[in-house]
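Chemist: Provided herewith is a single structure, encoded as structure tokens, for subsequent inquiry.
The values are calculated or read from the model by the stated rules, or taken from the named source; none is laboratory data. Only a predicted model underlies this, so the values are computations on that prediction, with no experimental measurement involved. Cβ coordinates were reconstructed from backbone atoms using ideal geometry, including for glycine residues, and neighbour counts include every protein chain displayed. Side chains are part of the model used for accessible areas, which takes the heavy atoms of the whole protein and leaves out ligands, DNA and RNA. Shrake-Rupley method; radii C 1.70, N 1.55, O 1.52, S 1.80 Å.
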Amino acid sequence: MSQNRLAFALILGVTFGLLVNEIMLSAVFHVLLGAGNTVAAIAIALVGLSASGIFAYVHPSFHAPERAAALSRSLVFWFAISLILSTYAIMAVPISHGDLIYHAASPAVKLWKLAVYHITVVPFFIGGLTIAVLFRSGADRIGSLYFADLFGAALGCAASPALLSFFGAPGAVLIGAVPAALLGSGFALQGRGWRRAGAILPALLLVAGAARPQLLSFSTINTMGEVSAPRYRSFSIGPGDIEYERWALDAWTIIRSDRIPQQWEDFKGWGLSPRYEGPIPATRLVNYNARFSTYVTEQAGDPQALGAWLDADLGSLHHLIGRTYEDVLNIGAGGGRETLAALHHGAKRVTAVDVSDVVVEDIMKDYLREFSGGLYLDPRVRAVADEGRSFTERTSDRFDLVEFSIVGGMNLEKMDLVRVDDLFTIEALRTYLDRLNDDGVFSYVMYSTRSDIVAELMESERLPAQPYVPALRTLTGLRLALEEAVPGARFSDHVLVAALPRVINPRYDLVHIVVSRRPFSEQERSRFLEHCRRLEFVALHPRAGSEGEAANLYVRIASDDDLESLAAEAPFSIWPATDDRPFQYALDIRHLRRAMARGGLFELVGGNPLVSLGLSIGTLA
């Protein structure tokens, strides 16, 4: 092989492995370190590559053209080894994402996180060093070498989705290392003594991954305790503890064995009334990235048999006010709880849309088909794997009910940081209301900071951190969208809001907002209040009797004549996100000025997850 072709092959093999590793590392970090830490994968790649360039520049031995061939052959061998060993090492790290949230002050957790960063930077450093040596020695043919760099990276990007689906993220890194391993081993075989004998090392390491699947499995997982009394702990897992798993572009999707703790233990439902004492059907929790969940309910094809349990949930309030919804669009359908409730209440057609192809096609229609009573194969149900907003914008159908239940939702470490979330922008809300029939209803269930805590913050002189208030911001967006769609409408007559406090986190409400294109009747409002009283849900709007002398913020958003004045009064933003600014934690300049005037700028800025994440990545870099 000519020197030109050899350099081309080396660069292509290295950049292919680097890009596959970077993409898969992002997926692994999403599980191991949490959502915000996926950005760290990019930072680590940049640190490793830039450091290798500086290292090569300041060491003259890497400049000599006569040494380039031997040096690059040795480096590509060790690049392959580092890819394989770093993968095994990070999969064996005995922490999980929750430890970084709940045990963040622990020295051991900090050291393990630092170890992960240092381990994963090694392949990028060695790979970058290989490319630097080849570029330096081949300046006269830099065009073709740079083409090899781009071509290998492009192949890595193109191959990654298929590799992820077939081999999982850790396995995909090993496959990505194969071209470099073949080249490195081939060169080693041309050597003598221990170098020749070591040529088999990459092959042995790759075979070890195939023979011992635990090398490519996470070593720990977590449980959050009970929904109503959360208590985090992580624990070791072994072979067979994960009953079902599938890597896909959207998530690592798993079902745990019954012999280990589930993510939520003694699970009865997210919004089940504390007054409910009836039978609880069996459920299977499906985890995404080991921290978000949906659940599949056992049933035999007759949702009526689950009626009492379904109707005791906060998420079913819109079914209890006396309306019938024949055509239903359920976005974020997951394991089908809302689909069951719609069928129980007489829906003739349910379009169940979920972004996870794994849940819709592999779990609901295959793995848990019998357990779920063939729910997504019911002739009344059309189950679609698609992105909810995109599906809604493309369809020309009209519905009696469009509903979301904890979609794009919140867990303690999921702060919608730099991830674009356009499901509930003002533009999206207009689309959902536009897809409703004249009597149609929009239903939205989401976690938010508790209403009484929000009320205290409204009165506070200083804001220690921005509250998580997606329900309030969505309520404002729904008011703006409805008043545009129905000129002259008084929004307070078109909306019902209830909450179940202290779900998943003692500081949160699970909030249910119901908006109708036509005003709710007095009878419907009375039924709503009666069911809230019976089930011990908090009626936030309309309020029940003398409940809360001062109007809570939900009432004020629904009823105040001047939203601009209310927004100016609030120490945090109540405006909905927009397609141009789809971030829950974006800081408003008005609130920065107020914080500065009241001496609370440091707390507001320092407590913002965008800032803390940026500082941590900046420190790493």
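Chemist: Output the residue which, of all residues in the range 92-122 that are hydroxyl-bearing (Ser, Thr, Tyr) and in contact with a strand residue (DSSP E or B) (Cβ under 9 Å, 6 or more places away or on another chain), is nearest to Ala45 (Cα to Cα). Can you show your working first?
Modeler: Looking only at the range 92-122, we keep the residues that are hydroxyl-bearing (Ser, Thr, Tyr), and these are 96, 102, 106, 117, 120.
If we keep only those that are in contact with a strand residue (DSSP E or B) (Cβ under 9 Å, 6 or more places away or on another chain) too, we end up with 96, 102.
On the way: Ser96: 22, Tyr102: 27 Å.
The selected residue is Ser96.
Chemist: Which one of these does Gly156 not meet: (1) open to solvent by 10 Å² or more (accessible area, probe 1.4 Å); (2) out of contact with any Asp or Glu (no Cβ under 6 Å at 6 or more places or on another chain)?
Modeler: (1)
Chemist: Please enumerate the residues belonging to the range 177-199 that are in contact with a helix residue (DSSP H, G or I) (Cβ under 7 Å, 6 or more places away or on another chain) and more than 14 Å from Val14 (Cβ to Cβ).
Modeler: Ser185, Ala188, Leu189, Arg195, Arg196, Gly198, Ala199
Chemist: Quick test for you: out of Ala282, Ala300, Ala251, pick the one residue that is over 20 Å from the mean Cα position of the chain (by Cα), modelled with pLDDT under 95 and among the hydrophobic types (A, V, I, L, M, F, W, C).
Modeler: Only one candidate qualifies: Ala300.
Chemist: Also, I was wondering about something else. Sort through Tyr232, Tyr295 and tell me the only one that's among the hydroxyl-bearing types (Ser, Thr, Tyr) and in contact (Cβ under 8 Å) with a residue 60 or more places away in the chain. Can you show your working first?
Modeler: Details: Tyr295 fails: in contact (Cβ under 8 Å) with a residue 60 or more places away in the chain.
Residue meeting the stated conditions: Tyr232.
Chemist: Looking at (1) within 21 Å of Glu403 (Cα to Cα); (2) surrounded by fewer than 23 Cβ atoms within 10 Å (Cβ to Cβ); (3) free of Cβ contacts under 8 Å to residues at least 40 places away in the same chain, find the lone condition where Ile280 falls short.
Modeler: Only one criterion in (1) within 21 Å of Glu403 (Cα to Cα); (2) surrounded by fewer than 23 Cβ atoms within 10 Å (Cβ to Cβ); (3) free of Cβ contacts under 8 Å to residues at least 40 places away in the same chain is unmet by Ile280, namely (1).
Chemist: Considering only the range 214-230, state which residues are of a type in the set (Phe, Trp, Tyr) and open to solvent by 30 Å² or more (accessible area, probe 1.4 Å).
Modeler: Within the range 214-230, no residue meets the criteria.
Chemist: Then there is this: Could you pull out the residue among Arg337, Arg369 that is within 28 Å of the chain's Cα centre (by Cα), among the basic types (Lys, Arg) and closer than 22 Å to Leu423 by Cβ?
Modeler: Arg337
Chemist: Only one of these is touching a Ser or Thr at 6+ places or on another chain (Cβ under 9 Å) and farther than 30 Å from Ala69 by Cα: Ser96, Ser106. Name it.
Modeler: Ser96
Chemist: Collect the residues in the range 537-564 that are at pLDDT 85 or above, open to solvent by 60 Å² or more (accessible area, probe 1.4 Å) and small (Gly, Ala, Ser), keeping them in residue-number order.
Modeler: Across the range 537-564, there are no qualifying residues.
Chemist: Of a type outside the set (Lys, Arg) and under 22 Å from Asp422 (Cα atoms): which single residue out of Asp302, Asp327, Asp354 fits that description?
Modeler: Exactly one residue qualifies, and that residue is Asp354.
Chemist: For Phe55, indicate whether it is over 22 Å from the mean Cα position of the chain (by Cα) and under 26 Å from Gln190 (Cα atoms). Give the steps one after another, and end with the answer.
Modeler: Values: over 22 Å from the mean Cα position of the chain (by Cα): yes; under 26 Å from Gln190 (Cα atoms): no.
No, not satisfied.
Chemist: Also, quick follow-up: Take the residues in the range 130-145 that are β-branched (Val, Ile, Thr) and open to solvent by less than 50 Å² (accessible area, probe 1.4 Å); name whichever of them is modelled with the lowest pLDDT.
Modeler: For the range 130-145, the residue satisfying everything is Val133.
Chemist: For Asp509, indicate whether it is modelled with pLDDT of 90 or more, touching a strand residue (DSSP E or B) at 6+ places or on another chain (Cβ under 7 Å), within 27 Å of Glu483 (Cβ to Cβ) and among the acidic types (Asp, Glu). Spell out how you get there, then give the answer.
Modeler: Numbers: modelled with pLDDT of 90 or more: yes; touching a strand residue (DSSP E or B) at 6+ places or on another chain (Cβ under 7 Å): yes; within 27 Å of Glu483 (Cβ to Cβ): yes; among the acidic types (Asp, Glu): yes.
Yes; evaluated as a whole, the condition is true for this residue.
Chemist: Let me ask something additional. Of the conditions (1) at pLDDT below 95; (2) closer than 30 Å to Gln263 by Cα; (3) open to solvent by less than 10 Å² (accessible area, probe 1.4 Å), Val497 fails just one. Which one is it?
Modeler: For Val497, the failing item is (1).
Chemist: Let me ask you something else. Identify the residue in the range 437-488 that is in a loop (DSSP other than H, G, I, E, B) and of a type in the set (Ser, Thr, Tyr) and, among all such residues, is modelled with the lowest pLDDT.
Modeler: Checking each candidate, the answer is Ser460.
Chemist: Here are Leu100, Leu46, Leu85: which of them is in contact (Cβ under 8 Å) with a residue 40 or more places away in the chain, open to solvent by 10 Å² or more (accessible area, probe 1.4 Å), within 15 Å of Ile131 (Cα to Cα) and not basic (Lys, Arg)?
Modeler: On the way: Leu100 fails: within 15 Å of Ile131 (Cα to Cα); Leu85 fails: within 15 Å of Ile131 (Cα to Cα).
After ruling out the rest, the residue left standing is Leu46.
Chemist: Give the range 312-343 a look and list any residue that's surrounded by fewer than 19 Cβ atoms within 10 Å (Cβ to Cβ) and touching a helix residue (DSSP H, G or I) at 6+ places or on another chain (Cβ under 9 Å), or say none.
Modeler: Across the range 312-343, the qualifying residues are Leu320, Gly322.
Chemist: Of the conditions (1) open to solvent by less than 40 Å² (accessible area, probe 1.4 Å); (2) without any contact (Cβ under 8 Å) to a residue 60 or more places away in the chain; (3) closer than 25 Å to Pro179 by Cα, His118 fails just one. Which one is it?
Modeler: Here His118 clears every test but (1).
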